[in-house]
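The values are calculated or read from the model by the stated rules, or taken from the named source; none is laboratory data. Please read these numbers as outputs of a predicted model, since none were measured by experiment. All Cβ positions, glycine included, derive from the backbone under ideal geometry; neighbour counts span all protein chains shown.
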Amino acid sequence: MVDCIFQNAIVVTMADSLGCGVIQDGAVAVKGNCIISVGETAEILKKYSAHRYIDGRGKLLMPGLIDAHAHTGVSIFRGYAQDTENWMSSRVFPLKGALDVKARQAGSMVMLCEAIKAGTTTMVDSNEEMLFFAGNHVKIGIRAQLSHTVHALPLEKAEIEDGTLYPLDEKVEQESLENCRKLIEQYHRSNYGRITCGLCPLGLDRVSADTLRVMGELSEKQGLLMHLHLACGNREVRQMQMRYGKRSIPFLDEMGLINERLMAIHLSVATEEELQLLAKKGAAMVLCSGSEAIVDGNIPPAAEFSHYSSRLAIGSDQTSGGNTSNLFYEMKVGAVLNKCKAKNAAVFPAWRMLRLATIDGARAIGMEREIGSLERGKKADIIMLNMEEMHLIPLVWEPVSNLIPNLVYAANGSEVELSMIDGKIVMENRRILTVDESEVIRNASEQGRKLLERAGGKLLEKNPEICKQKKENKL
Ligand SMILES: [Zn+2]
């Protein structure tokens, strides 16, 4: 007897070593937090009986999506950091100066709800103050890898002019390192392994070499992934050249920190040789297309990295950038931008994007034995989509199917009706069962309003064009 059988559904297993593993009339049997069997409905029903049967007629089952890089703690900035030439100093810093733990917590919960409602079941989330709202991830029931961001840059010194070396503050750095250790002690492999921890030095230009070395040792000793914004822009590279006389990636290589535990985020200004070096040493890359495009006008070199490595994942990054934690959007935007960059529509086809959001993403974050596909023995992280939506019609099977292109280019996440994470149904009929959604909305709306009350003056002072746009009714 198993706990649950999903039956009569289209099943996209992603278990195929190259493709997407589609079963037209499939079923998935779940016991505890594991998948017991996946196959044709008739075959599964012959083998198993269940406490609960979920009918999947007109629906599709697939593995939950994996967001390999996010900062849910700044979600409360949604809609305030785009359409500007300097999003970080003119928009994020004034808001960050007024950000408190309550606002971080409220914004994070909204982003987690949004992500679950759009099919995400695993989120790699790195934040300053992560220790103080990691309880969100525990409560809502998402699978998460959490990092307490470590940096040495006090906020008031973060606005330093380009061309001047950032002063690194040891006290700020030690405090964040201490909280990073506490987070690991408290949450790593907690909640039956659903919550794990990683390390996130904010950027090579924002931590000292000593702290980086300590974090490298911690990563090696405990097998923790190191999530690092790397070669993100010329400003970072200039800082590295001023401080160490080296570009970011060669510096990291000399520190001995390029290895299979490194998750290199963005890589927007990495050279071809640097990409090759990362690939050769087993590092993974995370592509955050929506965020990089909106805040910096960048299309990171994911296609180029793919020439040398298959360790690529996608991430939503931050709502102040991409404005959403929706991975269906991220799959489509990633495909579209890379096609435009390469001037070749064959680049990043639909099946590839779907793999990046599932099995290839799982491989990049070292969790392919647990998640990323629907297979016997894997964790039961399953989403069910309603396929009887206008924008997914027609669905045709022969001579070839349009299913996978429809999932990537037409679906938008609103089709996700049910989400099971670690064997527990977290969302059903589009209602999240673990938190009170109206309370989440009320709380984040209130915290957003309060934050802007505190930060509004500084924001307007630093962005005179906003006042003009407001007068002209453009905001
Ligand atoms: Zn980031």
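How many residues does segment 88-144 contain that are out of contact with any strand residue (DSSP E or B) (no Cβ under 7 Å at 6 or more places or on another chain), of a type in the set (S, T, Y) and under 28 Å from K424 (Cα atoms)?
1
Considering only segment 295-323, state which residues are more than 27 Å from R78 (Cβ to Cβ) and part of a loop (DSSP other than H, G, I, E, B).
Correct list: P301, H307, Y308, S309, S310, R311.
For segment 101-127, give me each residue that is without any contact (Cβ under 8 Å) to a residue 60 or more places away in the chain and among the acidic types (D, E).
Within segment 101-127, just D125 meets the criteria.
Looking at A350, A279, A293 in this structure, which one is over 15 Å from L230 (Cα atoms), more than 16 Å from the ligand (Cβ to nearest atom) and surrounded by fewer than 24 Cβ atoms within 10 Å (Cβ to Cβ)?
After applying the criteria, what remains is A350.
Check segment 15-25 and report whether any residue there is part of a strand (DSSP E or B) and either in contact with a His (Cβ under 9 Å, 6 or more places away or on another chain) or not β-branched (V, I, T) (or both).
Within segment 15-25, one or more residues are part of a strand (DSSP E or B) and either in contact with a His (Cβ under 9 Å, 6 or more places away or on another chain) or not β-branched (V, I, T) (or both).
List the strands (runs of 3 or more DSSP E) inside segment 31-80, counting only whole elements, that have at least 3 residues being within 16 Å of the ligand (Cβ to nearest atom) and surrounded by 21 or more Cβ atoms within 10 Å (Cβ to Cβ).
Answer list for segment 31-80: 65-70.
Please go through segment 360-385 and give me each residue that is in a helix (DSSP H, G or I) and either aromatic (F, W, Y) or closer than 20 Å to I116 by Cβ (or both), ordered by number.
G361, A362 - these are the residues of segment 360-385 that are in a helix (DSSP H, G or I) and either aromatic (F, W, Y) or closer than 20 Å to I116 by Cβ (or both).
Under 6 Å between Cβ atoms, at least 6 apart or on separate chains: pull out the pairs that start in segment 455-471 with a residue that is without any contact (Cβ under 8 Å) to a residue 40 or more places away in the chain and end on any residue that is not in a helix (DSSP H, G or I).
Final answer for the pair search is Q469/L475.
Which count do you get for residues in segment 275-292 that are within 13 Å of A302 (Cα to Cα), part of a helix (DSSP H, G or I) and out of contact with any Leu (no Cβ under 6 Å at 6 or more places or on another chain)?
Within segment 275-292, residues that are within 13 Å of A302 (Cα to Cα), part of a helix (DSSP H, G or I) and out of contact with any Leu (no Cβ under 6 Å at 6 or more places or on another chain) number 5.
Looking at (1) touching an Asp or Glu at 6+ places or on another chain (Cβ under 6 Å); (2) buried (at least 24 other Cβ atoms within 10 Å of the Cβ), find the lone condition where Q239 falls short.
The single condition Q239 does not satisfy is (2).
Somewhere in segment 324-347, is a residue in a strand (DSSP E or B) and away from the ligand (no atom under 14 Å from the Cβ)?
So far as segment 324-347 goes, no, none of its residues is in a strand (DSSP E or B) and away from the ligand (no atom under 14 Å from the Cβ).
I'm checking my understanding of the structure. Among residues of segment 9-62 that are more than 15 Å from L385 (Cα to Cα) and of a type in the set (K, R), which one is farthest from the chain's Cα centre (by Cα)?
That would be K46.
Please give the number of the condition A357 fails out of (1) under 18 Å from M263 (Cα atoms); (2) surrounded by fewer than 18 Cβ atoms within 10 Å (Cβ to Cβ).
With respect to (1) under 18 Å from M263 (Cα atoms); (2) surrounded by fewer than 18 Cβ atoms within 10 Å (Cβ to Cβ), A357 is out only on (2).
Being surrounded by 17 or more Cβ atoms within 10 Å (Cβ to Cβ), of a type in the set (V, I, T), at pLDDT 95 or above and more than 18 Å from I116 (Cβ to Cβ) narrows it down to one residue among V396, V333; which is it?
Just a single option satisfies the conditions, and that option is V333.
For segment 186-202, check the following and say yes or no: at least one residue is assigned to a helix (DSSP H, G or I) and buried (at least 18 other Cβ atoms within 10 Å of the Cβ).
Yes, some residue in segment 186-202 is assigned to a helix (DSSP H, G or I) and buried (at least 18 other Cβ atoms within 10 Å of the Cβ).
Just to be sure, is E388 touching a residue at least 12 places away in the same chain (Cβ under 8 Å), under 27 Å from the mean Cα position of the chain (by Cα) and part of a loop (DSSP other than H, G, I, E, B)?
In short, no.
Take the residues in segment 251-274 that are under 19 Å from M367 (Cβ atoms) and part of a loop (DSSP other than H, G, I, E, B), then tell me which one is nearest to the ligand (Cβ to nearest atom).
Once the filter is applied, the top-ranked residue is R261.
Looking at segment 1-36 only, could you name the residues that are under 16 Å from G423 (Cα atoms) and either of a type in the set (D, E, K, R) or without any contact (Cβ under 8 Å) to a residue 40 or more places away in the chain (or both)?
Within segment 1-36, D3, A27, A29, K31 meet the criteria.
Being of a type in the set (G, A, S) and either within 13 Å of the ligand (Cβ to nearest atom) or within 19 Å of L65 (Cα to Cα) (or both) is the filter here, so list the residues in segment 303-318 that pass it.
Passing the criteria: S310, A313, G315, S316.
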